[in-house]
Amino acid sequence: MGTVEAPHRAKGDRPADAPVSAAPQSLYAARQKVYPKRVFGLVRSVKWAVLGLCLALYYVVPWLRWDRGAGMPDQAVLVDITNARLFFFWIEIWPQEIYFLTGALILGAFALFAVSSLFGRLWCGFTCPQTVWTDLFMWVERWIQGDRNARMKLDQGPKNANYWTRKGLTHAVWLLIAAATGGAWVMYFNDAPTVTMEILTGAATLNIYFFFALFAGFTYLLAGWAREQVCTYMCPWPRFQAAMLDENSLVVTYRDWRGEPRGKAKAENVGDCVDCYACVHVCPTGIDIRDGQQLECIGCGLCIDACDSVMGKLGRPKGLIAFETLKNLAASEAAVASMAPGAERQACGMKARHMPRFVRPRTVMYAAALVVVSLAMLLAFLLRSTLDVTVLRDRAPLFVRLSDGGIRNGYTVKIVNKRREDAPLVLSLQAPEGFRLSVQDADHDAQGRPLLSRRADGISQYRVLITVPPGARLAESTSVTFRLLEPDGRVAASQSSTFVGPRP
């Protein structure tokens, strides 16, 4: 029996019965550029006020002066890296007091939790630096290129002289704002007038230019280009801020019980939403608030102003989109479930609402944490010492046996003086009888006790020796205490250590 040969196929031909493989699909969705529209209203006015306040504080604070006396920086707020000091008006934080910064961060965290529990993403929508600078950059873009439709037309039109002029001018202003932002950041770590002249004249150090360029570049990139992508993909806060919310939190919400079903303004048996997309057009992240709570929503509330404007033109009650609790939303929806659209449904739904509960276990817990941390920080600040002494015993060798048989230990004594006084201090030793104290390169008072000069608003270091005469009964480890005495004999500071000798 003969065999049947398969028909000849050219390279690339596919058998008729071969399965069709689906084309590979990309898992990456290309960015759809958002063109937020200008909007007017109460929320927008509040956002402008908050934006102006935040920018004014950021740019102006480094220029504020505060007199601290001769030889001290007169900048009100300064992180002095050279002298390892943080100045905040009358408060001076030393490296040993870093716990105050930790406490401030804890306070900020609990405050953010409390605000989120009460008002949703209020921080994201009004005071987050990404929101503030992006809002400023969008204002510049709108001022130069026009409102939403004009910008869309410009991007979709020919790349002519008008296009490049407007785009170039926009980016030039962005770069100026970014440079001012980077420069202001550097001023928080250097004297503002001095570092400004150094940057402008080319006399600044490489470190200053590096951080200036770093923060200017990130401002330009994040506020000018990334924008809503930062909030959607880069920021971790949207991922877990829902844990701070509950059904009594005020969040930006579309009242679907009133707006649905959507329809034309003059149509019958439809809700108040006319599907005009005004809320979508003003959204800085490009979402539709009518789709419910979404990760991308920053809670800025601009959709409230847009919707209120449309409702006002149609002669309908405002508040179709509003700051509302999910509990009230559910109560209104249940109350009007069987009612037809109209004024009666609107009145019934609003009547079913209740005043938001601001005092509840979650908010009480956050408030209590804020009070406790605040009181702890205040108490620590009021009780903090202005003079500290640190004693470090030599580790190698642990002790030295002298030629006469005596035993000697060496110590490094550091005096941290946070005051402007530089009067000498008397160093005394509390130890068993026979222990002798000596300080290298130190003067002595009339009683022969060593005098240690304390550096005003600085750190002094001394080499101290303790010697035990030969024949003294000595344990392997003996506790000793170093005391610093004021001229009037009062103990200013003390620190315990040990004296180590040979094993008995």
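Using the Cα centre of the stretch 34-178 as origin and beta-carbon charges of +1 (Lys, Arg) and -1 (Asp, Glu), tell me which of L57, M138, F100 is placed farthest towards the positive end of the dipole.
It is M138.
Pull the list of the chain cysteines that no other Cys approaches to under 4.7 Å, Cβ to Cβ.
C54, C124, C128, C231, C235, C273, C276, C283, C297, C300, C307, C348
Using alpha carbons only, how many degrees (0 to 90, rounded to 10) separate the axis of helix 302-314 from the longest principal axis of the chain?
It works out to around 30 degrees.
Suppose every Lys and Arg Cβ carries +1 and every Asp and Glu Cβ carries -1, with no other charges. What dipole size does the stretch 246-351 come out with about its Cα centre, to the nearest 20 debye?
Computed charge dipole of the stretch 246-351: roughly 440 debye.
Which of the listed residues, A330, C279, G312, is farthest toward the dipole's positive end in the stretch 246-351, when Lys, Arg count +1 and Asp, Glu count -1 at the beta-carbon?
Checking the options against the dipole of the stretch 246-351, the answer is G312.
For each pair in K47/K266; K37/K313; K37/K167; K33/K313; K33/K167; K153/K313, compute the distance between the two Cα atoms and list the pairs where it is over 23 Å.
Violating the 23 Å limit, Cα to Cα: K47/K266; K33/K313; K153/K313.
What percentages, rounded to whole numbers, describe P(r) for the stretch 151-268 computed over all alpha carbon pairs with 5 Å bin width beginning at zero?
In whole percents, the pair-distance histogram is 2, 8, 11, 11, 11, 11, 12, 12, 10, 6, 3, 2, 2, 1, 0.
List, in order, the whole-Hz ³J(HN,Hα) value for each residue of the stretch 203-214 obtained from phi through the Karplus relation with A = 6.51, B = -1.76, C = 1.60 and θ = phi - 60°; use x for Gly and Pro.
Going residue by residue, I get 9, 6, 6, 4, 4, 5, 5, 5, 6, 4, 5, 4 Hz, with x marking Gly and Pro.
With angles folded into 0 to 90 degrees, how steeply does helix 192-201 sit against the dominant principal axis of the chain? Use alpha carbons for both and round to 10.
Value to nearest ten degrees: 70.
How large is Rg/Rh for the chain, to two decimals, with Cα atoms and a Kirkwood Rh?
My calculation puts Rg/Rh at 1.18.
Under unit Cβ charges (Lys, Arg +1; Asp, Glu -1), what dipole magnitude, rounded to 20 debye, does the stretch 416-482 have relative to its Cα centre?
140 debye
Taking only C-alpha pairs under 8 Å that are 6+ residues apart, what is the relative contact order of the stretch 65-132 in percent?
The value is 14 percent.
Taking K327 as the anchor, which lysines have their alpha carbon closer than 26 Å to its alpha carbon, excluding any fewer than eight residues away along the same chain?
K318, K351
Report, in degrees rounded to the nearest 10, the 0 to 90 angle that the Cα long axis of helix 326-335 makes with the longest principal axis of the chain.
For 326-335 against the chain, the angle is about 30 degrees.
Would you mind checking which residues have amide H under 5 Å from L425's amide H? H placed 1.01 Å from N; only 5 or more apart, or other chain.
Amide H to amide H, under 5 Å and 5 or more residues apart or across chains, L425 pairs with L452, S453, R454.
What is the spin-label model distance, in nm, from Y59 to F218 if the labels are put 7 Å beyond Cα along the C-beta direction?
2.1 nm
Can you check how the C-alpha radius of gyration of the stretch 336-381 compares to 2.2 N^0.38 Å, as a plain ratio?
Compactness ratio reported: 2.24.
Just want to confirm a number: the relative contact order over the chain, from Cα pairs under 8 angstrom separated by 6+ residues, in percent.
12 percent
Based on Cα positions only, what radius of gyration and what Dmax would you give for the stretch 364-500, in angstroms?
19.0, 70
Treating the Cα atoms of the stretch 408-485 as identical point scatterers in vacuum, please give the log10 of the normalised Debye intensity I(q)/I(0) at q = 0.12, 0.18 Å⁻¹, two decimals.
Taking Cα atoms of the stretch 408-485 as identical point scatterers yields -0.37, -0.76.
Length gain on complete extension for the stretch E421 to A337, per 0.36 nm per residue less the alpha carbon to alpha carbon distance?
Gain on stretching E421 to A337: 22.6 nm.
What full-extension length gain, to one decimal in nm, is calculated for A30 and I98 as 0.36 nm per residue of separation minus the Cα-Cα distance?
20.0 nm
Positive end of the dipole of the chain, charges at C-beta (+1 Lys, Arg; -1 Asp, Glu), about the Cα centre: which of L176, M355, F218 has its Cα farthest in that direction?
Result: M355.
In percent, what relative contact order does the stretch 30-240 have, based on Cα pairs under 8 Å that are 6 or more apart in sequence?
Answer for the stretch 30-240 is 21 percent.
Which value, in debye to the nearest 20, gives the size of the charge dipole of the stretch 366-492 about its Cα centre, when Lys and Arg are +1 and Asp and Glu are -1 at the Cβ?
For the stretch 366-492, the charge dipole is close to 260 debye.
Note the full-extension length gain between A111 and C235 as 0.36 nm times their separation in residues minus their Cα-Cα distance, in nm to one decimal.
42.8 nm
No lab work stands behind these numbers, since they all come straight from the coordinates. What you see is a predicted model; the values in this text were computed from it and never measured. Cβ atoms come from the backbone with ideal geometry, glycine included; neighbour counts cover every protein chain shown.
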